[in-house]
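Heads up: the structure comes next, in structure tokens.
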Amino acid sequence: MAKVLVVTSGKGGVGKTTSTAAIGAALAQAGQKVVVVDFDVGLRNLDLVMGAERRVVFDLINVVQGVAKLPQALIRDKRLENLWLLPASQTRDKDALTEEGIGRIVDELRTSYDWIICDSPAGIERGATLAMRFADEAIIVTNPEVSSVRDSDRIIGMLDSKTLRAERGERVEKHVLITRYDGARAARGEMLSIEDVLDILATPLLGIIPESQDVLRASNVGSPVTLNNPASTPARAYIDATRRLLGETVAMTVPVERAGLMNRLLGRRAA
Amino acid sequence: MDANAEPTRQLVRLRGRSYVAFVFCPAVPIVEWLEEIDATLARSPGFFVGKPVVLDLSAVDLSRPAIAHLVLSLEKRNIRVLGIEGVEAARLTASMPPLLTGGRHCAIQHVQPEKPEVKPPPTSLLLASPVRSGQSIVFPDGDVTVLGSVGSGAEIVAGGSIHIYGTLRGRAMAGVNGNSSARIYCQKIEAELLAIDGFYQTAEELDEALRNRPAQAWLEGEIMRITPLN
């Protein structure tokens, strides 16, 4: 049974695309057939993070408008044979998306994939609403700070009212993924605590991804962090989150980035 | 086959049956009496449909054309006359309803058409899930109860009181229709704005000591009071 999963947040820059790539790759490694769909028309990034930017010929808009067939636009990952990418168009904008066109594409993808992961653009406009429109499940990516949490709350409200499932009286299964978590700053009270975030959002937690240089490094070489360095702390956190998504029970750990020697010596700056 | 067979005679069986008929007793002037009928029809258009109607002419002295005209007028109103009584047979023609005799009085039971039960509009609104940022709940008819929290950037507008069994982080406006006795209750107060009957306080004016505690807000004259609940 194919599942449509939207990765969304409201706010920009919280790690939607990174998380889409990392979880998509981890699902594919777990033997699932996965397609990641970039909905950020006009500002596409997922192709870069997936390392497929040099192989894009056709895109989502071409398929929506019937210029290209769906199989022509799908790009197979070079490292994982059951991971695919449907890139967004960089030259168009979100007005080129139509609900009918997206619905047709999602229906077609449902017939041949286990997971259809929709990487939502930031905001609450057309791109974001269409990315969540056909979702069965949702990952709400949140940073532990007030503006991100409030935007996530708004997005959860929309998931409960604007999706096809909500309109049919069904539920979209929602998960909160806390990203860019900095244990040291949280300990100093400079970030919202995990408890605060979950209290405000009243939605189950899928995982906690630490703020890490590994994430940036992986993005720069065009590889999902779960593929680039599977042993790193963020990769392990993403893999745990993916296992929870597949229904496994995995103990939740608050990740601690191992500090280097210099960091340990000069970790705290005196006030 | 026997061609000479006598056609079998079937006996005509007659059965008796009685109906309760409406008896119309026209009075002079007939025009005004017809207006009465029209008024009845305006109130309940289907009142005479399918009901047998008998004309009792004993109270009036009508000529043959006048009777014909009366029957026709009733027919125009979709009232078909079953029979006529209280007049000598000579005044009726063959095309008119037959003369009836031997009618007996009986009480007519008025069957009122069953009115659909009118439920009073609900005076309270219950929300079982959290109210998210950006959502606006407007219920001018009474109280609003929220079982979850009200997120930052969400708002609740109620004609009556507002009860929140979670944390109030958004805006709550109670008594919007001029109900100054409305109150706001919440399990934890981190509100952005509280208003009752147009008098409001913003987060900045909230007493820090109240934060994160169960609290209620009400109006005392033109002053908003906010106190801990316990």
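The values are calculated or read from the model by the stated rules, or taken from the named source; none is laboratory data. It should be emphasised that the depicted structure is a prediction, and the values quoted were computed from it without experimental measurement. As a convention, Cβ positions derive from the backbone with ideal geometry for all residues, glycine included, and neighbour counts pool all protein chains shown. Ligands, DNA and RNA are stripped out before the accessible areas are found, and what is left, the full protein with its side chains, is counted by its heavy atoms. Shrake-Rupley method; radii C 1.70, N 1.55, O 1.52, S 1.80 Å.
Details
- Contact map, the stretch B:27-40: first residue over 17 Å from B:Ala68 (Cα atoms), second residue charged (D, E, K, R), Cβ cut-off under 9 Å, separation 6 or more or different chains; pairs are B:Ile37/B:Arg77; B:Asp38/B:Arg77.
- For the stretch A:111-119, the criterion of being open to solvent by 20 Å² or more (accessible area, probe 1.4 Å), within 14 Å of chain B (Cβ to nearest Cβ) and either of a type outside the set (Gly, Ala, Ser) or under 14 Å from the mean Cα position of the chain (by Cα) (or both) is met by none of the residues.
- Looking only at the stretch B:176-193, and only at residues there that are of a type in the set (S, T, N, Q) and part of a loop (DSSP other than H, G, I, E, B), the one that is farthest from B:Ala217 (Cα to Cα): B:Asn177
- Residues in the stretch B:120-135 that are open to solvent by 60 Å² or more (accessible area, probe 1.4 Å) and under 31 Å from the mean Cα position of the chain (by Cα): B:Pro120, B:Pro121, B:Pro122, B:Thr123, B:Ser124, B:Leu126, B:Ala128.
- Selected residue (criterion: farthest from the other protein chains (Cβ to nearest Cβ)) from residues of the stretch B:154-165 that are in a loop (DSSP other than H, G, I, E, B) and either aromatic (Phe, Trp, Tyr) or without any contact (Cβ under 8 Å) to a residue 24 or more places away in the chain (or both): B:Gly159
- Scan of the stretch B:117-153 for residues that are closer than 22 Å to B:Asn212 by Cα and more than 14 Å from chain A (Cβ to nearest Cβ), ordered by number: B:Val144, B:Thr145
- Within the stretch B:75-100, the residues that satisfy the criterion of being of a type in the set (A, V, I, L, M, F, W, C) and in a loop (DSSP other than H, G, I, E, B) are B:Ile79, B:Val87, B:Leu92, B:Ala94, B:Met96, B:Leu100.
- Of the strands (runs of 3 or more DSSP E) lying entirely inside the stretch A:1-90, the ones with 2 or more residues being in contact with a strand residue (DSSP E or B) (Cβ under 9 Å, 6 or more places away or on another chain) and of a type outside the set (A, V, I, L, M, F, W, C) are found at A:3-8.
- Odd one out for B:Leu70 among (1) within 30 Å of B:Glu114 (Cα to Cα); (2) touching a strand residue (DSSP E or B) at 6+ places or on another chain (Cβ under 8 Å); (3) part of a helix (DSSP H, G or I): (1)
- Complete set of residues in the stretch A:187-208 that are small (Gly, Ala, Ser) and either within 14 Å of another protein chain (Cβ to nearest Cβ) or under 24 Å from A:Arg244 (Cα atoms) (or both): A:Ser193, A:Ala202, A:Gly207
- Any hit, the stretch B:65-80, residues being hydroxyl-bearing (Ser, Thr, Tyr), closer than 24 Å to B:Val20 by Cβ and surrounded by 12 or more Cβ atoms within 10 Å (Cβ to Cβ): yes
- Qualifying residue in the stretch B:101-114 (condition: over 39 Å from the mean Cα position of the chain (by Cα), under 28 Å from B:Asp38 (Cα atoms), of a type outside the set (Lys, Arg) and at pLDDT below 80): yes
- Scanning the stretch B:166-189 for residues that are within 14 Å of chain A (Cβ to nearest Cβ), in contact with a Ser or Thr (Cβ under 8 Å, 6 or more places away or on another chain) and open to solvent by 60 Å² or more (accessible area, probe 1.4 Å) returns B:Gln187, B:Lys188.
Table: residues versus (1) aliphatic (A, V, I, L, M); (2) without any contact (Cβ under 8 Å) to a residue 60 or more places away in the chain.
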position	(1), (2)
A:Asp77	no, yes
A:Trp84	no, yes
A:Lys94	no, yes
A:Glu100	no, yes
A:Asp107	no, yes
A:Thr111	no, no
A:Cys118	no, no
A:Ala135	yes, no
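- The stretch A:234-248, residues that are in a helix (DSSP H, G or I) and open to solvent by 30 Å² or more (accessible area, probe 1.4 Å): A:Arg236, A:Ile239, A:Asp240, A:Arg243, A:Arg244
- Pick from the stretch A:121-173, criterion surrounded by fewer than 17 Cβ atoms within 10 Å (Cβ to Cβ) and of a type in the set (Ser, Thr, Tyr), ranking: nearest to the other protein chains (Cβ to nearest Cβ): A:Ser161
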